[in-house]
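What follows is one structure encoded as structure tokens, with my remarks underneath.
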Amino acid sequence: MNDQSPQLAIVMPVYNEEANIRNVLEEWFPVLDEQGISYCFVPLNDGSKDGTLDVLKEMAAQHPEKIAWIDKPNSGHGRTCRVGYERALEMGALWILQIDSDGQCDPAYFSEFWRQREEADCVFGFGSVRDDGLARKVISRICTLLTTLVAGVAVRDGNVPYRLMCREALEKGLSQVPADFDIQNVALTVALKRLPELRWKYVPIRFRDRQGGSNSINIPKIAKMGWNMLRELRRVR
């Protein structure tokens, strides 16, 4: 770490979010500025096919100290999270926040996450209310239930994208997850829950509906990915 390391790095996988990404960043800036902390967004363009990368470049030119974008071939949300986690650690960030890029993660909850860090190593949200439809709610519940049963640890919301972790916890957790695991964010949750020394806090959050664009749910693809993930969880130490 050095004097230029941010207190907070915000990992944000991005895929085809041209309609959202500018508004999401501009909505978060004042909330983070209010906290008086140094921060840097790490938006990871996961091979978007629209104008997402152009928007990120433009925003980074306007806010070079706040945005360090990464452009990468498409590898899916989970593996993209892993790239972001590792980059945040390389930057020397003391805390790492992961959020989505579609506007569903409301920055209004961040102050509570940041406050809870004083007594926790991991502060995770859990979706007490979801505005994005029944299918998303069902998928999230099934994923959490099956992950808990297969992994043998109590997982409250295994796939939640609104999570704050101290760098030491993230380093330990990532060391337990194979780099080629597809759904890295769920595997990381399991790895972290298996570390008895970590302190946990949970913040109830409301997932908003997408702020723009469209999101099609491919149920067969999600089911196949989920099945493969459950089979592979044995590789998480």
Unmet criterion (only one of (1) surrounded by fewer than 15 Cβ atoms within 10 Å (Cβ to Cβ); (2) more than 21 Å from Ser5 (Cα to Cα); (3) of a type in the set (A, V, I, L, M, F, W, C)) for Cys105: (1)
Can we say Lys49 is surrounded by fewer than 17 Cβ atoms within 10 Å (Cβ to Cβ) and either in a helix (DSSP H, G or I) or within 17 Å of the chain's Cα centre (by Cα) (or both)? no
I'd like to verify a number: residues in the range 7-45 that are of a type in the set (Phe, Trp, Tyr), buried (at least 19 other Cβ atoms within 10 Å of the Cβ) and within 13 Å of Glu65 (Cα to Cα), how many? 2
Can you list the helices (runs of 4 or more DSSP H) lying wholly within the range 125-237 that have 3 or more residues being at pLDDT below 75, under 19 Å from Gly78 (Cβ atoms) and among the charged types (D, E, K, R)? 219-232
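Residue-wise test of (1) out of contact with any strand residue (DSSP E or B) (no Cβ under 6 Å at 6 or more places or on another chain); (2) buried (at least 23 other Cβ atoms within 10 Å of the Cβ); (3) of a type in the set (Asp, Glu).
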| position | (1), (2), (3) |
| --- | --- |
| Ala68 | no, no, no |
| Pro73 | yes, no, no |
| His77 | no, no, no |
| Ala88 | no, yes, no |
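For Glu58, are the conditions met, namely being exposed (fewer than 15 other Cβ atoms within 10 Å of the Cβ), of a type in the set (Asp, Glu) and outside any loop (DSSP other than H, G, I, E, B)?
On the way: exposed (fewer than 15 other Cβ atoms within 10 Å of the Cβ): yes; of a type in the set (Asp, Glu): yes; outside any loop (DSSP other than H, G, I, E, B): yes.
Taking the combined requirement at face value, the residue satisfies it.
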Within the range 163-176, considering residues that are out of contact with any strand residue (DSSP E or B) (no Cβ under 9 Å at 6 or more places or on another chain) and in contact (Cβ under 8 Å) with a residue 60 or more places away in the chain, the one farthest from Cys143 (Cα to Cα): Glu171
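Take the residues in the range 1-46 that are part of a loop (DSSP other than H, G, I, E, B) and among the hydroxyl-bearing types (Ser, Thr, Tyr), then tell me which one is nearest to Ala88 (Cα to Cα). Give the steps one after another, and end with the answer.
Filtering the range 1-46 down to residues part of a loop (DSSP other than H, G, I, E, B) leaves 1-7, 15-20, 35-38.
Checking the rest, the ones that are also among the hydroxyl-bearing types (Ser, Thr, Tyr) come to 5, 15, 38.
Numbers: Ser5: 10, Tyr15: 19, Ser38: 13 Å.
So, considering only residues that are part of a loop (DSSP other than H, G, I, E, B) and among the hydroxyl-bearing types (Ser, Thr, Tyr), the one nearest to Ala88 (Cα to Cα) is Ser5.
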Could you please find all residues in the range 38-57 being touching a residue at least 24 places away in the same chain (Cβ under 8 Å) and either of a type in the set (Lys, Arg) or in contact with a helix residue (DSSP H, G or I) (Cβ under 8 Å, 6 or more places away or on another chain) (or both)? Tyr39, Phe41, Val42, Pro43, Leu44, Asn45, Asp46, Lys49, Thr52, Val55, Leu56
Can you pull out every residue in the range 145-173 that is crowded, with 20+ Cβ neighbours inside 10 Å and more than 21 Å from Phe113 (Cα to Cα)? Thr147, Ala151
Scan (1) assigned to a strand (DSSP E or B); (2) out of contact with any helix residue (DSSP H, G or I) (no Cβ under 6 Å at 6 or more places or on another chain); (3) of a type outside the set (Ser, Thr, Tyr); (4) at pLDDT 95 or above for the single condition Trp114 breaks and write down its number. (1)
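May I ask you to verify whether Asn74 is among the polar types (S, T, N, Q), at pLDDT 95 or above and either part of a loop (DSSP other than H, G, I, E, B) or closer than 26 Å to Phe181 by Cβ (or both)? Working first, answer last.
On the way: among the polar types (S, T, N, Q): yes; at pLDDT 95 or above: yes; either part of a loop (DSSP other than H, G, I, E, B) or closer than 26 Å to Phe181 by Cβ (or both): yes.
Answer is yes for this residue.
The values are calculated or read from the model by the stated rules, or taken from the named source; none is laboratory data. Since this is a predicted model, take the numbers as computed values, not measurements. Cβ: placed from backbone, ideal geometry, glycine included. Neighbour counts: every protein chain shown.
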